[in-house]
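Encoded as structure tokens, the structure appears first; notes follow it.
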Amino acid sequence: MPVEQLVRRNRGRYQDLRSILDLSFDQFIATAEDPEHRAGAEKIWRAIDAAGDIYKKHYEGLYCVGCEQFYDEAELDDGRCPEHGTVPDRVEEQNYFFRLSRYAEQLDELIASDRYRVIPESRKNEVLSFIRQGLRDFSISRSQERAKGWGIRVPDDPSQVMYVWFDALANYITALGYADDAEKYRHYWFENPHRTHAIGKGVIRFHAIFWPAMLLSAGVPLPETLFVHGYITIGGSKVSKSVGNVIDPLELVEQYGAEAVRYYLLRAVSATGDHNFTYEGFEARYTADLANDLGNLLNRTVSMIHRYREGVIPAPDDSSPLENGLRDVAEHVPGKLTAALDRYDPQAGLSAVWELVIAANKYVEEAAPWKLAAETKKGDDAADIRLSSVLHALAEAVRIIGALLEPFIPATSEKIFDQLGVPSDGTNWATRYRWGGLVIAGTEVRKANPIFPRLESPRDAASA
Ligand SMILES: [Zn+2]
């Protein structure tokens, strides 16, 4: 297949994920064909060249095309690429080199002192030990021939194409308009102290070593933080076509819905370690957390407001102290969630949200609105006032849960708001997470289908 055709096909697959996974992002660029990127990649090359960090040299080495990376014999597993399990090509040619060795000490200092913060700590140590083994200059171009005409030409030498990582890394600034020092570049990069990259562990060397060294050379500010996530494994191995253990995420979405897949990836998967995927584990989470804990809670809340208050959220009796426990949890969760996200730990963030989900379910059992309704029928007015307070408290807890879930599972959040009659736009951010922050008494609730229907034929965990 011609390179261009292959690239177009794969690009389309990534682009399609936007709607499939209900993602939102500001920009999607195809670096090889983006004129702004091309101009930016040339600019950074020239800046690095002007700093005296580019020279030409004859080179011979082992190259993995899958990684687009040279390997030393010692880094291979039985002569094979540790990432791809394939035998690398022996490559010999005249290339341009980047003087990485010049930046070893500076990089060590920046990373060790957390001025360039690598998260988690284990990855930081991995990078430091790699730097301390000594950094060698690396090849940053290919012959036009070996690149098969694909890629960005080296400025002033059309016989050579830039090494794919050398131009690709630059996308972080070229996409912002680094080439002509655009306002966006100044705002989001040059003058912004919070520059964060999120990457998979397989490309850590490029982001923790090559990229900051390139920036130091070009006189461009470095990122502040590099967050490194792990891999999802299946049967303990990296998901790979050649191993044959692929689970197609698109099929997963088709079967369980994008919200369930998003929830699973953010809740069950540790942000920094590897995670072994099983269908049984996935379904267990789906059933316990989504169908039972969250789905039931919403369903019960809306149903009881219908049954006992004709579908209108009642006003609470302010003198009742019984809601304080639930309110207390609701008031602590937003802080915990924020702290977790500040640590790049969505798993802990969702666990915090579930503290409120669990507390609200427990509260239903303890407050037992059905008993209050029965006592009301017998003429107990105090029970009737209590019932209003309980239903109001439940609606308020569920509303806050909906708001807290928005960054993780936005479509679910919207459904929760819809059922509770909370307007999804024009929400006051200052009061969004606050108990009693949004007056919802008098609002009409809407009954709807379960947000996470039960699985019709769940897989048996025991047979896994
Ligand atoms: Zn490889």
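Derivation of every value follows stated rules applied to the coordinates shown; laboratory data play no part. Note that the structure is a prediction, hence the values are computed from the model and not measured. No Cβ is skipped: glycine too gets one built from the backbone with ideal geometry, and neighbour counts run over all protein chains shown.
Values for this structure:
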item	result
Student exercise, the range 212-293 dipole from Lys, Arg, Asp, Glu Cβ charges, in Debye to nearest 20	320 debye
Paramagnetic label zone (point 7 Å from Cα along Cα-to-C-beta, HIS84; backbone N under 13 Å) in the range 208-249	241-242
The chain: relative contact order as a whole-number percent, Cα under 8 Å and 6+ apart	13 percent
Residue among PRO369, THR225, PRO316 farthest towards the positive dipole end of the chain, charges placed on Cβ	PRO369
Pair GLU105, VAL3: separation of 7 Å Cα→Cβ label points (nm)	3.9 nm
Under 12 Å from the ALA411 label point (7 Å along Cα→beta-carbon), backbone N, the range 235-268	253-263
Summed residue charge, Cβ within 12 Å of GLY273's Cβ, Lys/Arg positive, Asp/Glu negative	0
Burial ranking of peptide ranges 212-218, 30-36 (average Cβ count within 10 Å, highest at the top)	212-218, 30-36
Cα centre as origin, Lys/Arg/Asp/Glu Cβ charges: the chain dipole, Debye	220 debye
The chain: calculated mean residue ellipticity at 222 nm from DSSP helix runs of at least 4, using -39500 (n - 2.57)	-13500 deg cm²/dmol
Low-density loop positions, chymotrypsin sites (Phe, Trp or Tyr not before Pro), the range 53-112 - DSSP coil, at most 13 other Cβ in 10 Å	none
Estimated Rh, the range 271-326: Kirkwood, alpha-carbon pairs, angstrom	14.7 Å
Those aspartates and glutamates that a straight Cα-Cα span of less than 20 Å connects to LYS362, excepting residues fewer than 8 apart in one chain	ASP289, ASP293, GLU323, ASP328, GLU331, GLU396
Rounded FRET efficiency, nearest 0.05, which uses the C-beta distance separating ARG132 from ALA198 and R0 of 22 Å	0.30
Percentage relative contact order, the range 10-135, counting C-alpha pairs under 8 Å, at least six apart	18 percent
Extension gain, ARG11 back to GLU331 (0.36 nm per residue minus Cα-Cα distance, nm)	110.8 nm
Built amide H within the under 5 Å cut-off of HIS229, gap 5+	ILE199, GLY200, LYS201
Fully extended contour minus Cα-Cα distance, from LYS371 to ASP157, at 0.36 nm per residue	68.8 nm
Span-rule helices in the chain, defined as complete DSSP H runs reaching 18 Å or more along the axis (Cα) with Kyte mean at least -1.0	35-50, 324-342, 346-367, 381-405
Cβ-derived FRET efficiency at R0 41 Å, ASN449 paired with THR233, nearest 0.05	0.70
Net length gained if the chain between VAL65 and SER270 were fully extended (0.36 nm per residue, minus Cα distance)	70.8 nm
Rg followed by Dmax, in Å, when the range 28-229 is reduced to its Cα trace	16.5, 50
The chain: C-alpha gyration tensor shape, a/c 1.5 cut-off, then a/b vs b/c	prolate
For the range 277-463, size of Cβ-based charge dipole, Lys and Arg +1, Asp and Glu -1, in debye	220 debye
Environment charge of ALA104, counting only residues whose C-beta is closer than 12 Å and scoring Lys/Arg +1, Asp/Glu -1	0
TYR55/GLU33 FRET efficiency (R0 35 Å; Cβ-Cβ; nearest 0.05)	0.75
By average C-beta atoms within 10 angstrom, highest first, the peptides 181-193, 292-304, 266-278, 162-174	162-174, 292-304, 266-278, 181-193
When each of LYS378/LYS447; LYS201/LYS336; LYS201/LYS238; LYS377/LYS415 is checked by Cα-Cα distance, pairs over 21 Å	LYS378/LYS447; LYS201/LYS336; LYS377/LYS415
Positive-end extreme of charge dipole, the range 277-463 - chosen from VAL333, ALA348, LEU420 (charges on Cβ)	LEU420
